[in-house]
């Protein structure tokens, strides 16, 4: 997935995602209520409250920051004032249907505020509810109060995200080693680290030979951050994990630790980030957020269940 596609996917917290299930909407029958609204050729009803001095309008494919509230009559149902007081950034896509609020936003300039009325018939058609009882009342409108705060290109958005991510990585680079040192001190760990910085604390001693490159092993494990937060566990799933030693299928700390363990060994290993996910961390591609932060030291409880030697 490209960076820009990832941004678009993460930013699409748009009006349609916030639609309520209530059916008490602005009635299209009360035309007198809309006498002060204008209408576009596509049928979008709109009314400007404030017109700024800027003359630049956003284009489809750009990113806009807006403050937005959704109303039923005089009742506010959703508002960025609660979710994001500084407004929220959304990708401005080509409208899926005539009379969508994306069209209205392209009519605005930075500083403008306006109200747009969107047909519930279009919402029911293009965003159908799986529960028929939650469909919108036909021939009605939802009111969206929108203030346009900022316009960005996708390239500007990408640069900002890259800069923020790099600042976060730099911050983690300083904090990670301090977190590890504090954990070792606070938990009175007196085993000596290996040359690479790994701490291996045996809980149960195994017997026989240790695995070597090319051997296959089966383990149970629980991985956690040093604050105790568990991020993965084969024990909780009751699904042992198998892999080939030396094939770079696991993080370096596991490779080193298992070569020091024998079948049946249960141990806790404490790893500096250099033996785990180092500067890259692990990013959830759906959300764009770190599942494992960069420069994160971590702890694993590992049981070496079986070894199958290379033939």
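Bear in mind these aren't lab numbers, they're just calculated from the coordinates by the rules spelled out. As the structure is a computational prediction, the values presented were derived from the model and not from experiment. Every residue, glycine as well, gets a Cβ built from its backbone with ideal geometry; the counts of neighbours run over all protein chains shown.
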Quiz item: With contacts defined as alpha carbon pairs under 8 Å and 6 or more residues apart, what's the relative contact order of the stretch 252-311 in percent?
Solution: 40 percent
Exercise. Give, to the nearest whole percent, the P(r) tail of the chain beyond 33 angstrom, counting all Cα pairs.
Key: 49 percent
Quiz item: How would you rank 34-40, 155-161, highest first, on the average number of other Cβ atoms within 10 Å across their residues?
Solution: 155-161, 34-40
Quiz item: Going highest first, how would you order 164-174, 251-261, 79-89 by mean Cβ packing within 10 Å?
Solution: 251-261, 79-89, 164-174
Practice problem: Go ahead and estimate [θ] at 222 nm for the chain from helices alone: -39,500 (n - 2.57) per DSSP H run with n ≥ 4, summed, over the residue count, rounded to 500. | Solution: -6500 deg cm²/dmol
Self-check item: Hull volume in cubic angstrom per residue (convex hull over the Cα atoms of the stretch 186-308)
Solution: 119 Å³
Quiz item: Using Cα atoms only, what is the angle between the long axis of helix 154-186 and the major principal axis of the chain, expressed in degrees (0 to 90) to the nearest 10?
Solution: 40 degrees
Quiz item: Relative contact order of the chain: what whole-number percent is it, with Cα pairs under 8 angstrom and at least 6 residues apart?
Solution: 17 percent
Exercise. Taking 7 Å along the Cα-to-C-beta vector as the label spot, tell me the residue 280-residue 37 distance in nanometres, rounded to one decimal.
Key: 5.2 nm
Quiz item: Stretch residue 216-residue 59 to full length: gain in nm at 0.36 nm per residue minus the Cα-Cα span?
Solution: 50.9 nm
Quiz item: Highest GNM mean-square fluctuation, the chain, Cα pairs closer than 10 Å: which of 191, 110, 219?
Solution: 191
